[in-house]
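Notes to accompany the following structure.
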Amino acid sequence: MKKSSIVIAGGGSTFTPGIVMMLLEHLNRFPIREIKFYDNDASRQEKIAKACAILLKERAPEIQFSYTIDPKEAFTNIDFVMAHIRVGKYAMREKDEKIPMKYGVFGQETCGPGGIAYGMRSIGAIIEIIDFMEKYSPNAWMLNYSNPAAIVAEATRCIRPNTKIINICDMPVGIEDRMAEILNLPNGRKDMDIRYYGLNHFGWWTDIRDKQGNDLMPKIKEHVAKYGYIVNPQQHGETEASWNDTYAKAKDVYAIDPDTLPNTYLKYYLFPDYVFAHDNQHPEHTRANEVMEHREKNVFAAAKQIVDKNTSNGCDFHSDEHASYIVDLAEAITFNKKARMLLIVENNGAISNFDPTAMVEIPCIVGANGYERVCVGKIPQFQKGLMEQQVSVEKLVVDAWISNSYQKLWQAISLSKTVPSVSIAKKILDDLITANKDYWPTLK
Ligand code: NAD
Ligand code: G6P
Ligand code: MN
């Protein structure tokens with residue numbers, strides 16, 4: 001069986017240990033000969049890498065492991081780049097979340113002005129990583145889940161149209177896990193065949209069936225109409241309050257179109273006033289603060305403990321099992337599995353009444369030569385209208401980055417359904433420009 005070599009870009013990410021643990025659990029179907037970490041922050045990466053070196057030596061000594069900030073070393077002789085970088089790290093996420101709040105608009109990692117600001121930071125860094133990959137390992141695939149995935153995907157479509165990159169998101173998978181729990185399915189989400197369409201963080205399930213072809217939507221809808229995607233709360237003690245709110249709010253998101261089941265991220269576009277009022281109860285303490293206080297603190301403490309004790313026995317790294325969709329993808333490419341998965345790809349006719357150049361999230365069949373789209377057909381006016389507005393935002397952001405255009409970026413923020421007026425968009429933009437001076441191109 002072929003053994004793959006992987007570089008994890010964003011080696012210092014809070015998700016790196018969970019991904020490594022998860023990869024170890026799936027070696028029987030996706031064997032690995034080498035794992036490398038790459039980051040541009042040597043000291044952050046080293047803290048995670050030293051702990052993972054101990055863990056890998058104890059649990060899979062046959063896998064070669066190294067970490068580096070040198071692109072040539074990192075990207076030479078690899079089969080996959082698994083990319084989860086965060087340009088500007090949490091310090092900039094915090095600004096993305098807090099600046100719009102000053103003007104009555106919620107701030108969020110990937111949605112609204114915050115997501116636009118993050119997109120403007122991510123594009124250049126992702127293109128740089130693509131270029132490293134193509135220079136040192138021209139046959140490799142980049143599996144990208146760096147955010148904002150919608151804007152990153154549109155940027156790579158425009159700027160590196162022939163590159164072997166697949167953009168993916170774990171939110172549909174996370175929601176499908178909850179649906180499977182509602183239904184008590186023995187093998188979880190893998191017992192379901194789904195149809196879904198939309199943009200990244202902006203989509204709907206239209207059909208969910210069991211392996212015999214029976215319709216599972218009615219039972220899920222009955223639950224969502226009452227509880228949103230809250231399931232067995234007593235067994236989900238790890239879910240933070242802010243995520244619980246999001247899962248619960250899916251009840252209201254569902255109500256506007258009971259023909260479909262919604263992605264949780266739609267709450268930001270359909271209930272921006274509610275989200276703002278809720279977040280504005282603690283404007284100085286946003287999700288970035290929560291993540292720094294919880295996930296970041298815990299992951300780095302667990303890494304330090306492994307290094308201090310010089311063993312991973314009893315360690316506090318947790319396998320990110322729901323990230324196993326990344327293995328599904330890598331396995332499908334490596335072994336030509338023709339697996340059906342949701343990917344963010346150029347529409348190209350799959351949604352027949354929608355812009356063929358839009359980057360959409362739809363089911364695809366994945367094999368050694370990449371993906372084939374599953375035909376979605378015609379979508380209803382409500383979804384089409386929302387998606388046309390949002391995809392235009394994403395396209396304008398990429399256009400603004402390419403042409404260094406203040407005007408285009410102002411249009412992008414103004415067009416976001418989350419922003420009430422052009423004048424507020426301008427105020428937010430001017431603040432974001434100052435905050436992002438080290439990361440954005442200079443706008444004219
Ligand atoms: P993090 O800040 O802990 O980690 C990101 C790492 O990227 C840091 O170590 C940082 O130094 C590094 N980095 C930044 N710029 C870089 C560059 N130019 N080159 C190389 N490395 C660089 O962030 P996190 O919370 O662990 O999240 C990581 C990323 O994964 C984010 O983009 C997040 O949104 C994304 N994510 C996506 C999904 C999805 O569904 N697509 C799911 C989870 C996380
Ligand atoms: C989900 C989304 C990701 C996003 C993450 C944010 O997993 O699919 O795209 O990055 O949530 O989570 P956080 O815990 O960092 O707020
Ligand atoms: Mn996502």
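The values are calculated or read from the model by the stated rules, or taken from the named source; none is laboratory data. None of the values given here were measured: they were computed from a predicted structure. FYI the Cβ positions are ideal-geometry reconstructions off the backbone, even for glycines, and counts take in every protein chain you see. Just so you know, the surface numbers come from the protein's heavy atoms only, side chains and all, with ligands and any DNA or RNA stripped out. Shrake-Rupley method; radii C 1.70, N 1.55, O 1.52, S 1.80 Å.
Structure summary
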{"read-out": "Matching entry among 239, 311 (being surrounded by fewer than 21 Cβ atoms within 10 Å (Cβ to Cβ), farther than 21 Å from residue 382 by Cα and more than 23 Å from the chain's Cα centre (by Cα))", "value": "311"}
{"read-out": "Where a residue in segment 102-118 is in contact (Cβ under 8 Å) with a residue 60 or more places away in the chain and among the aromatic types (Phe, Trp, Tyr) and its partner, wherever it lies, is open to solvent by less than 20 Å² (accessible area, probe 1.4 Å) and away from ligand 1 (no atom under 14 Å from the Cβ), with Cβ under 7 Å and at least six apart", "value": "103/428; 106/100; 106/112; 106/275; 106/418"}
{"read-out": "Residue under evaluation residue 75, criteria (1) more than 16 Å from ligand 3 (Cβ to nearest atom); (2) surrounded by fewer than 22 Cβ atoms within 10 Å (Cβ to Cβ), criterion not met", "value": "(2)"}
{"read-out": "Flag if residue 368 is open to solvent by 20 Å² or more (accessible area, probe 1.4 Å) and among the aliphatic types (A, V, I, L, M)", "value": "yes"}
{"read-out": "Any pair with Cβ under 9 angstrom, 6 or more apart, that starts in segment 294-306 at a residue that is under 13 Å from residue 52 (Cα atoms) and ends at one that is open to solvent by 40 Å² or more (accessible area, probe 1.4 Å) and within 16 Å of ligand 3 (Cβ to nearest atom)", "value": "299/15"}
{"read-out": "Flag if residue 354 is more than 18 Å from the chain's Cα centre (by Cα) and touching a residue at least 40 places away in the same chain (Cβ under 8 Å)", "value": "no"}
{"read-out": "Long-range neighbours under 7 Å by Cβ, at least six apart or interchain, first residue at pLDDT 95 or above and among the acidic types (Asp, Glu) within segment 165-176, second more than 10 Å from ligand 3 (Cβ to nearest atom) and open to solvent by 10 Å² or more (accessible area, probe 1.4 Å)", "value": "170/322; 170/325; 176/189; 176/192; 176/194"}
{"read-out": "Qualifying residues in segment 27-38 (those that are open to solvent by 10 Å² or more (accessible area, probe 1.4 Å) and under 24 Å from residue 295 (Cα atoms)) - the one nearest to ligand 3 (Cβ to nearest atom)", "value": "38"}
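The rows are residues; the columns are (1) more than 16 Å from ligand 3 (Cβ to nearest atom); (2) hydrophobic (A, V, I, L, M, F, W, C); (3) surrounded by fewer than 21 Cβ atoms within 10 Å (Cβ to Cβ).
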| site | (1), (2), (3) |
| --- | --- |
| 168 | no, yes, no |
| 172 | no, no, no |
| 176 | no, no, no |
| 183 | yes, yes, yes |
| 187 | yes, no, yes |
| 191 | yes, no, yes |
| 200 | no, no, no |
| 203 | no, no, no |
| 210 | yes, no, yes |
